[in-house]
1. At B:Gln185 and A:Gln147, where each label point lies 7 Å from the Cα along Cα→Cβ, what is the point-to-point distance in nanometres?
2. For the protein assembly as shown, what is the mean residue ellipticity at 222 nm derived from helices alone (per DSSP H run of n ≥ 4: -39500 (n - 2.57); sum divided by total residues; nearest 500 deg cm²/dmol)?
3. With θ taken as phi - 60° and the coefficients 6.51, -1.76 and 1.60, list the Karplus ³J(HN,Hα) couplings across the range B:121-129 in order, rounded to whole Hz; mark glycine and proline as x.
4. Taking Cα centroids, how far is the range B:117-177 from the range B:194-232 in Å?
5. Distance between Cα centroids, the range A:140-181 to the range A:84-111: provide it in whole Å.
6. So, R0 is 45 Å and r is the distance between the beta-carbons of C:Ser267 and C:Val152; what FRET efficiency does that work out to, to 0.05?
7. How crowded by other chains is A:75-83, given as the mean number of beta carbons from other chains within 10 Å of each beta carbon?
8. In degrees between 0 and 90, to the nearest 10, how far off the longest principal axis of chain C does helix C:102-120 point, with axes built from Cα atoms?
Amino acid sequence: MSPLLHVDNITKRFGGFVALDGIDLEVQPGERLGLIGPNGSGKSTLVNCICGTLQNETGRVQFDGQKLDGLAAHQRTHRGVARSFQLPRPFHSMNLVDNLRIPLLYTVHARVGPLRSTGDLDARCLELLEMVGLAKKATQMPRDLTQVEMRKLELARAVAAEPKLLIADESMAGLSHSEVNDILALLLRLNERGITIILIEHIMSAVMSFSQRLAVLVSGKKIADGKPEDVVRDPEVVRAYIGQ
Amino acid sequence: MNRVNTAKFALITIAVGALVMAFAHWMHVDYLYFASYTILQFIVLATAWNILGGYCGYVNFGSAAFFAMGAYSSVFIHKFHPLPVPVLIVIGGIVSGMVGFGMGYLTLRLRGSFFAIATLALAVVLQTLVVNWDFVGGSRGAYIIRPEELEFAGITVNYIEYLFALMLLLTVIALVTARTIERSQLGFGFATIRDDELAAEASGVPTLRLKLIATSLSGAFMGMAGAPFPYYIGYLQPSSAFGLEYAVNSIAMPMIGGTTSWVGPLVGAVLLGSAQQYATVTISSAVNLLIVGLMLVAFVIIAPNGLVGLVQERLRAWRRPS
Amino acid sequence: MDISFSLIINAIAAGLLLGGFYAAVTAGVSISFGMLDIVNIAHPAFIILGSYIAYFFNANYGVDPILVSIIALPAFYALGAAVYQVYYQAFERRGQESLRGLAFFFGLLFVTEVSLILVFGVDYRYVEAAYIGPSIHIGVIDVPLRMVVPCVVSLLLFGAIQLFVTRTFIGRAIMAVSQDQMALQLMGVDPIKIKRVAFGISIATAAVAGALLIIIQPVEPSVGREYIGRVFAICVLGGLGSMPGTLIAAMLLGVVESLTSTFYGPSWAPAVAFGLLLLTLAFRPAGLLGR
């Protein structure tokens, strides 16, 4: 089976600083991949290169059999790659419903044509908010949300784009134990529906219970990639990350 | 207010415009025509600026350049064969729109601040080109003799009134366009660019395409406002066409009025424009510009959402029972 | 052939001297835009203010303009710090710097220019000093001292800033704040204070640049606007925040402008800087020495 996402020898530099050094990564359709590593190891940079927010200097990114290189971020979202931002970036001049309306209007409609009336759009937005537990705050503004609620909004907005691949970048930071489980359950449900998920997290319990495969990034290099129980016992991984 | 659809709104503005027109005709004071024409011009410029500046968050410092290009395309064509002013307006719009598109294409991939600096650069480059171009008068300027009156379907109309009516129509079109955009999917997309361009891209918004639409539309309206200007004023000089008051007013009026809706530029242009007409006549034009500058700085610091924003806050506080 | 050669050589020499001066003019914006990411398009207004202050004390009290500017340094520094404080409170803190911050500086530029018109009028003003007038001759090259002195002072100023930024603690903190504000905070340094100091220094350079400007050419309030394009063209061409890049770009611009002026006439000179800026932004926004 050909991989859904194929990252081939990606390098990204910022001036003299090498953020990503020849990263290779494959994600199979329907897989649940966990991506871990210390802060500054390049996880978010990798996400940015996959999603088109940054352009990699060398290497290729292939998604669903097609090259993504050179495509703008919005085109990649149209192709089916969605991400949540590590630091939430809501549209602060709109309420929550309108925040979710944007990906519906600009991604889903762009793909399949405007099938929905305004009423249906609103219903879908509320459905998405319900999914992350924010339905009661539907008409409020992002500035009225807590940090945790903003992360949930980030996730909802990514899901609204009906992606084939969802990259969740530290959506669980600061959540309580039960909230973490809620998000995990949500991600599992999405995965059961066929959405491939890359989970980037520091919460090891969540990563271990969720991931079918685990990859580890340290200082811009991938040092491990395999079954979670094997990876966490890899001495290099323990030294670089888990042992801290 | 939200239930008023576009067609109704267009009719309302046309009705208001017709009333203004009738009033001006009845008063028949030439100075009033001139003053009102100037204010209408500013409404169009402010509304045009706001489409890119207020809705998308990209500042254009070169409004005077787009305005002047509309004016100078009229001069250029006039030297060959004078065309009716409505045609010149369309041409001015196309010319300025294309320049807006071209410049946007070159610089909109960069940060907003680079775009703003580029617009400043564009204004100076264009002014230098015009100053050195003798065909359109260069730095000496160009005269355009306008006819006294115009025959239209058997009715003789005073030419000034004719220009005034055209500018009124343009103002209506600009306001209707701005309002329609605001409420449409396009307006939504513009707002995401203003709020967080990176997140907009990630959500599937084609930001470059939308920014180019905004820049072209904004430039086009400014050019359209400039096209009748040489006929209105009779004598066109680069220093007046590229004048600083256009640059500062097209920014000050929307920022003071309020940038988030079509109402702001209208309010800002009417209030500030009238105040300036008054000040220029009673005090001096330099002091008048100083006051505009000071008000811009003050409003930008104290009332970031402009007068419209202040009113909205007042209404919200009044509606919420404490 | 001979005449045109000497014409070219003189144009290049004048251009290099002009370029040195442009470097000093741009040094302030290198700090505010290159390092602090603040688009202070009002910087030329502060320069013109410096010119007029030099003019005032030179015309009324006979003080050397460069001396005036050095005495005015603390006042300009304080002005810069105050302006930054307002900018920070009103815009940076609220995340509004892109739209409203720009409008704010544009307003300042405007208010300064119009105020100067009201106070001094639109006549050209100039200063008098011992080195304004005589020229020195080196072979076929004929350079007026009023170009040489500002160039020398500019290079000294530029060198001083470069040393400051690389050798002193505050200077290095300024470089650091442009790269990683968070890290600086974790080290116990207040980034806002550092930025305030940097901006103050940026405006202080305008005092000196202004005095040098009025030595080189007569000044009237709208001259500032020509410099907006020059300053940002040099900054962008040289690569933001790179002082050596700024110097090279300044020299390059000076020479191109000088050659254009000599062979096509001075009315084309403003278009050079701004045209260069547009081209750079369109095709190589990272600058000549860009990463």
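What follows draws every value from the coordinates through simple rules; no lab data is involved. Predicted model only: the values in this text are computed from it and were never measured. Every residue, glycine as well, gets a Cβ built from its backbone with ideal geometry; the counts of neighbours run over all protein chains shown.
1. 3.7
2. Helices in the protein assembly as shown give a 222 nm mean residue ellipticity of -20500 deg cm²/dmol.
3. Residue by residue, the range B:121-129 yields 4, 4, 4, 5, 4, 5, 4, 4, 4 Hz.
4. What the calculation gives is 21 Å, centre to centre.
5. Here the answer is 12 Å between Cα centres.
6. E(calc), rounded to 0.05, equals 0.95.
7. If you average over the peptide's residues, the count of other-chain Cβ atoms is 2.
8. Orientation of helix C:102-120: about 50 degrees from the principal axis.
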